Structures are given as structure tokens and as C-alpha cells.
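Notes for the one structure printed next.
The values are calculated or read from the model by the stated rules, or taken from the named source; none is laboratory data. This structure is a prediction, so every number in the text was calculated from the model and none was measured. Note: ideal-geometry Cβ built from the backbone for every residue, glycine included; neighbour counts use all protein chains shown.
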Amino acid sequence: MTTVTVDATPKPRVERRALQAARLRLRTLALYAVSVVVGIGIWQLLATHYGPSLVASPHATLSATGDLARDGTLTNSIIASSRRILIGWGLGLVVGVPAGLLVGQIRLVRQLLEPYIEFFRFIPPIAFVTLAVVWLGIGESSKVVLIFYTAVFIVILNTSAGVMAVSESKLRAAASLGASRRQILRGVVLPSTVPYIITGARLAMGNSFLTIVSAEIVAAQVGLGSLIWTSRNYGRIDWVFVGIITLGILGFVFDRVLRIVASRVLRRYGVKL
Amino acid sequence: MTKAIEAGLSPAKKDGGGHGAAVRVDGVDIKFGSFHAVCDISLDIAAGEFLCLLGPSGCGKSTLLSALAGFVRPHQGALTVDGTPITGPDPELGMVFQSSEALFDWLTVRQNVAFGPRMRGKSRAEQTALADEYLSLVGLRHCADRFPPQLSGGMRQRVQIARVLANQPQVVLMDEPFGALDAQTRQVMQQEMGRIWQASGCTVVFVTHDIDEAILLADRVAVMTAGPAASIKTVYEVDLPRPRDESDPAALELRRSLRQDIGEEVRKSLRDQGLDPEDER
């Protein structure tokens, strides 16, 4: 959060405002801390109540994290899953944004693609796991394609919604200033749609995290999802906990980075996150 | 539709010499589905003239303006600029919208104004020169590097005007450009508008529902009847010296006639909606 300094405002007031903002931030952080501590407390209670075969205690989870980190499993899992997510999600954006622009802009394209978008959007990626492995093998591509699948439709939907929300007067203004259809698409429609694209990208990122576990369900040697699945086979509830918590933290970090970068780089397009 | 004026050096135009084009509206009908918006309107607008279209709200003034800008096709009749039919949006027909939503918020003020020249393939230097020239004309040269959301409503409308003028159009169409501004800003903008029009020399078609604004700015005022199927009721010549003085007896006389005309139309429109204005007293 930045404080805007206005020349005409007397100094003490500005300082007071900055102080107030800092106090507000501190309060937020303190409340976060309280919430986390209470959460861990409840977790501890549940663990003592149900025992280590059902719920791994915070302490057990922490030491399991240490073990997994020491032998490199954790780092490799994070790297492997992140790579799949970033590639699949990135492809989803690269395909989804232009497709969404066309769907929103050209009625013929919309009418041709809409039935498929509306159809596939309700089929969860886990339904395609078997087909993905049968068609693409057990390598990286089957996982990346599943992430791509879960990302691309939401990007298309958001982008096309953004295109259809572009104000009529902006389009008319551009046309009467002499812009061609292509120039309008690049120079007016795309920039106006940026906030919608960013929302789509964030939702797609969430979907990618939801999908990574199912994508790694079969024949993944390494990855957070595969860690969770193989731990089950070994009866290591504590490793399952490590996988789940790492996934949550990783998702949070990815979203934060995306938000910060987008609001810095794309501020002029009205991206406020 | 030829223009000799090039970027940056437009002394010929600065003195207002013959840049505007004559606009002809000939028996124009506009329908939206079964809704008859505008019915059989004919108007001859001289090159370089400032014409106000005045009428009660919802009477189809903006519809007629949209047709002149090429956004809407008339159902019948012809619209021409210097004899050439209007077939679609055209940089020669600049449009200033009522809402500054028409500005591109992600571009600086200078880039907004340079948008037209850029679309038409002018060099970067020419774009900047044109943008700065017209920003100076509207008094916003010092805001060139800001973004539209950082400006006040009046300043944003000036940017819109500069953006249209930077294309050096023959005709400028204005759709209640000051309607959303506060009273003080509106007054300043109206005075500026007279100066800007004289400096640019283009033909202006200006839609408003504000009688005083029309008297202040127009060479002629065309009063429209209440819609649907609106037409031209009366055309008044405003033969007053510029800059205009609102307290001039002739201006007061004109205001009385215009008010009476508009009043009749508003009452008629209320009666059509089943609300008898006489009953309510």
C-alpha cells in the first residue's frame, strides 16, 4: 500500500495518515498470526484425539517435512509440480486469450465454439486422466495437457466476457478516428479486456492446482500429487499432510506473485488486485 | 474531400479558412426494429457552420448524430458530406461523446490525442506534433503525460475534443459533450468551445437540450419535435455577434421562442405518455 503525498496537504496530517496505514497493516498481520496459531491449536487437538494413524500432528508433520526436505523429495516434488502447472497454465493463456478475443469479437466463431466450451467446462479433468495416459503416454505431456485443459476454458470465458463488456463508445470512437477492425481489436478491445484476462488467469491458476493432484494420479514418479498418492500406499499419513500443506502454500505464493506482478505491470489497464 | 493541411504546420486552418464541409440531411428516416426514431428529417448545414440540434430528451437528436457519424444506417433518405454519401465511420467525421468513457484510459493524454494520426499511419514525430498542437489549443499541453482517469471531467472532455481535432476532420459531431459537467465547468467549456471552433474552422453539429448553450454557441438552432418519429420543428438563425452576450435583448427574445417550442414538445410528449401536464396543476 502506498500513500499519495499531496503538496498542499500539511505535513503532520500526511504523517498521521501514514502512521494510521502502518497501524492498520500491523493489525492485519497480527490477526493473520492469531488465526494461524488458533488453526494449529485445533489441528493439535484433533491429532491428539484421533491419534497418528488418522491425523498427523503439527509436530509430526514438521519433522516429516524435515525428512522429505533432507532427502530432496520435497524440493523435487515442488519443482516438478510447479513446472507442470506453469507450462500447462501458460499454454492455457497463450491459447485461451486469442481464442477468447475471437469468441467475444466474432459472432460466427462464438456460435461455432460455444457449444464445446459449455460442454467441456463441466467435465472435470480427472475424467480425462485415463484417456490422457492412453493417448499421450505416461510422460510429462499427459500431465501438462490436463493442466492446459483445466486452464484454457476459464481463460476463454473470461476473455470473451471482457470483450463483450468493452464500452460501445470506445469502439465507436476508435472507428470514427479511423481505426480498422484489426486496429480496434489490438488497440482497444485487447487493452480494455486486460482486467478480465487477469481474473481468468487467476482462476485458471486455482484450477491448475486443483488438477495437479489428479494429473499426477497415474505414473508420476515425482510431484506433490504423486507424493500424496504414493504416501497412501506406504501408510504415511504425515507425508500426505506435508504434500497437502505444501500445495496450499505454493498456490498462495503463486497467486500472490501473479497479483503483485499484474498490478505493477498492468496498472494502466485498470488491473487492481 | 481533400485536405492540404499537414502535420504540425497548419497556419492555413488556424484562421478558420474553409476547412469545414457542407453536410446534407435529405429525407432521413431511422428505425430500430419497429421503433421509428427519426422521421423524414432534412437539413442543410453549410461548410464551417455551427449548428445546434436542440430538443427534449429522448427525441432522437443523438440518433440523428449517430447516423451522421456513420454508426447507424438510415432506413430511408440520404446523408452526404460535400456530396459524398456517408457509408460508415470516417475520420473526416469526428465524434465527441457525451461520456468521457470514450477515452482510452490505458493511454496517456498525448497518446489518446495521437490515436487518430497513428491509425492513419502518420510518423511518430507527426503524431506527437499534432497531439501537442491540439492539446495546446484546448489548454491541456501540461497534462500530456497524465492518464485520463487522473483528470477532472471537464479536462477529459477537452481531451476528447483535442483527440477529434487532431484528425483534422471536416465535420465535428458533438453529443451533449458538456452535459455531464458541473455548472461552472460547463460555462467555461462553452466559452472555450466557441474559440476552438473558430480556430479549427470545421463544421460543427452539436446536440444539446440546453437552450442557453445553443444560443451561446450556434449559428443556427434546429429544434426537434418530441419522439418517437421525431422531426425538425423549427430552425432559428442566431444572428448575434460573438462572443455572445446572454443579456442581449435579441438573445432573450430568442430564448423565449426556444423555450416555448421546447415546452410545447415536452407537453406533447407527456400527453402521449398519458400524463396530462395541465391536469397535474
Margin query: I need the helices (runs of 4 or more DSSP H) fully contained in the range B:105-152, keeping only those with at least 3 residues that are within 20 Å of B:MET193 (Cβ to Cβ).
Written below: B:109-113, B:124-137
Notebook entry, point to check: Out of (1) surrounded by fewer than 18 Cβ atoms within 10 Å (Cβ to Cβ); (2) farther than 21 Å from B:THR63 by Cα; (3) touching a Gly at 6+ places or on another chain (Cβ under 9 Å), what's the single condition that is false for B:SER200?
Noted result: (1)
Check: If you scan the range A:169-224, which residues turn out to be under 15 Å from the mean Cα position of the chain (by Cα) and of a type in the set (Gly, Ala, Ser)?
Finding: A:GLY200, A:ALA201, A:ALA204, A:GLY206, A:SER208
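If you take the residues of the range B:45-93 that are of a type in the set (Gly, Ala, Ser) and within 14 Å of another protein chain (Cβ to nearest Cβ), which of them is farthest from B:ALA229 (Cα to Cα)? Break it down into steps so the answer makes sense when it comes.
If we filter the range B:45-93 for residues that are of a type in the set (Gly, Ala, Ser), which is where we start, we get B:46-48, B:55, B:57-58, B:60, B:62, B:66-67, B:69-70, B:77-78, B:83, B:88.
With within 14 Å of another protein chain (Cβ to nearest Cβ) added as a condition, the list becomes B:62, B:66-67, B:69-70, B:88.
Values: B:SER62: 13, B:SER66: 16, B:ALA67: 15, B:ALA69: 20, B:GLY70: 20, B:GLY88: 23 Å.
Going through the qualifying residues, I end up with B:GLY88.
Pick out the one residue from B:VAL23, B:VAL28 that is buried (at least 24 other Cβ atoms within 10 Å of the Cβ) and β-branched (Val, Ile, Thr). Spell out the reasoning first.
Details: B:VAL28 fails: buried (at least 24 other Cβ atoms within 10 Å of the Cβ).
Going through B:VAL23, B:VAL28 in turn, the sole match is B:VAL23.
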Check: Which one of these does B:GLU101 not meet: (1) in contact (Cβ under 8 Å) with a residue 12 or more places away in the chain; (2) outside any strand (DSSP E or B); (3) of a type outside the set (S, T, N, Q)?
Finding: (1)
Next item on the list: Within the range B:249-264, identify whether any single residue is in contact with a Leu (Cβ under 6 Å, 6 or more places away or on another chain), touching a residue at least 40 places away in the same chain (Cβ under 8 Å) and not assigned by TED's automatic domain parsing to the domain that holds B:VAL164, and answer yes or no.
Entry: no
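Counting only residues that are hydroxyl-bearing (Ser, Thr, Tyr) and within 14 Å of chain B (Cβ to nearest Cβ), give me the helices (runs of 4 or more DSSP H) lying completely in the range A:102-201 with at least 1 of them. Let's see the steps before the verdict.
Working: elements: A:107-120, A:129-136, A:140-164, A:168-176, A:181-184.
The helices (runs of 4 or more DSSP H) meeting that bar are A:168-176.
Could you count how many residues in the range A:27-84 are polar (S, T, N, Q) and in contact with a Phe, Trp or Tyr (Cβ under 6 Å, 6 or more places away or on another chain)? Talk me through it step by step, then tell me what you get.
Looking only at the range A:27-84, we keep the residues that are polar (S, T, N, Q), and these are A:28, A:35, A:44, A:48, A:53, A:57, A:61, A:63, A:65, A:73, A:75-77, A:81-82.
Filter once more, so that each one left must be in contact with a Phe, Trp or Tyr (Cβ under 6 Å, 6 or more places away or on another chain): A:61.
Residues flagged as polar (S, T, N, Q) and in contact with a Phe, Trp or Tyr (Cβ under 6 Å, 6 or more places away or on another chain) within the range A:27-84 amount to 1.
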